[in-house]
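Worksheet: one structure, shown below.
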Amino acid sequence: MTPEAAQTVAIVLEEATRRLRDAGVPDPRREAASILAFVLSTDRGGIVARKPDPVDTGAAARFAELIAARALRVPQQHLVGRAEFRGLEIEVSGDVLIPRPETEDLVQAVLDAGLPQSARVADLGTGSGCIAIAFAVGRPSWRLVAVDLSAAALRVAARNAAKHGVADRIAFVEADFAAPEAAWCGAFDAVVSNPPYIPEEEWRGLEPEVRDHEPKRALVPGPTGNEAYEVIVRAAAAMLRPGGLLALELGWKSEEPVRATVGSSGFNEIAVKPDLQGIPRVLTARR
Ligand SMILES: C[S@@+](CC[C@H](N)C(=O)[O-])C[C@H]1O[C@@H](n2cnc3c(N)ncnc32)[C@H](O)[C@@H]1O
């Protein structure tokens, strides 16, 4: 791409699509259009409308830079610095997991669970803070505790909470799930977690966007992929009030072992909901 030439939106888009396709990026046209929309401060609809328009040299140079990075399989969300979660714009970086659509189902299951109006809810492994923030926005009288081992992730989460005006209702705590920290023990109405659940061996075969650019600690808890569930279920049993809700996002092979762990840890009313692809995705249980 030559930023000096007076090129139209249609031409730079075509060139970028070809470059991303050659690099093996899935859905290259959509990706190129989204990145160009970011550079031109519009949306993908705006790009279609502006196809015959010239792209100024500054914007063309910036677009070429971002496309070069995307061709190296840097996730688009890292290039634009944000992702969408339940309609909320969430800042992301290499320090946090990019929020996934499946996790929106986890949030919905908890919102639908009939918790008390002023519920106290813990989010274990908060990352970008997307789960805790979605609760704080959706239920203005809930109080949240959001825990993560990563200080860098918690800084991102705190900025996201401030951006959405809910920082005063979320306590961010730097701690290990396994540590019985006084700061976050107590009578919680719900403990919610999307923990790392990818087995070490499976992680090696993931797409480069995930394997090379997202924090391994957010993805892989150990060789089997079930290690974090075991710790979190034990912590939740100590944290929840009687009748309190445990809600966990499941990995695609986690249902059976997690059901067994939850069932043998003093929980009942175990239920599992599938995601849109029919994969068992959200487990809920009552202490
Ligand atoms: C799968 S990510 C989920 C992030 C976010 N809740 C989401 O759904 O997008 C798991 C998070 O757990 C954190 N984590 C991993 N092991 C942990 C541990 N032992 N104690 C506390 N947090 C941990 C990681 O830093 C990461 O932010």
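Derivation of every value follows stated rules applied to the coordinates shown; laboratory data play no part. Since this is a predicted model, take the numbers as computed values, not measurements. No Cβ is skipped: glycine too gets one built from the backbone with ideal geometry, and neighbour counts run over all protein chains shown.
Tabulated data for the structure shown
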{"read-out": "Filtered residues of the stretch 110-130 (kept if within 16 Å of Phe177 (Cα to Cα) and within 6 Å of the ligand (Cβ to nearest atom))", "value": "Gly125, Thr126, Gly127"}
{"read-out": "Check on Val220, near the ligand (Cβ under 10 Å from one of its atoms), β-branched (Val, Ile, Thr) and closer than 24 Å to Val282 by Cα", "value": "yes"}
{"read-out": "Matching option when the condition is part of a strand (DSSP E or B) and either within 9 Å of the ligand (Cβ to nearest atom) or under 20 Å from Leu124 (Cα atoms) (or both), among Ala228, Ala190", "value": "Ala190"}
{"read-out": "Number of the exception - Glu256 against (1) within 26 Å of Ala136 (Cβ to Cβ); (2) surrounded by fewer than 15 Cβ atoms within 10 Å (Cβ to Cβ)", "value": "(1)"}
{"read-out": "Residues that are within 12 Å of the ligand (Cβ to nearest atom) and without any contact (Cβ under 8 Å) to a residue 12 or more places away in the chain, drawn from the stretch 152-180", "value": "Ala179"}
{"read-out": "Selection within the stretch 131-151 - more than 14 Å from the chain's Cα centre (by Cα), within 11 Å of the ligand (Cβ to nearest atom) and either assigned to a helix (DSSP H, G or I) or surrounded by fewer than 24 Cβ atoms within 10 Å (Cβ to Cβ) (or both)", "value": "Leu149, Ser150, Ala151"}
{"read-out": "Neighbours by Cβ (under 9 Å, 6+ apart or cross-chain): first from the stretch 133-151, without any contact (Cβ under 8 Å) to a residue 40 or more places away in the chain and of a type in the set (S, T, N, Q); second more than 10 Å from the ligand (Cβ to nearest atom) and assigned to a helix (DSSP H, G or I)", "value": "Ser141/Arg169"}
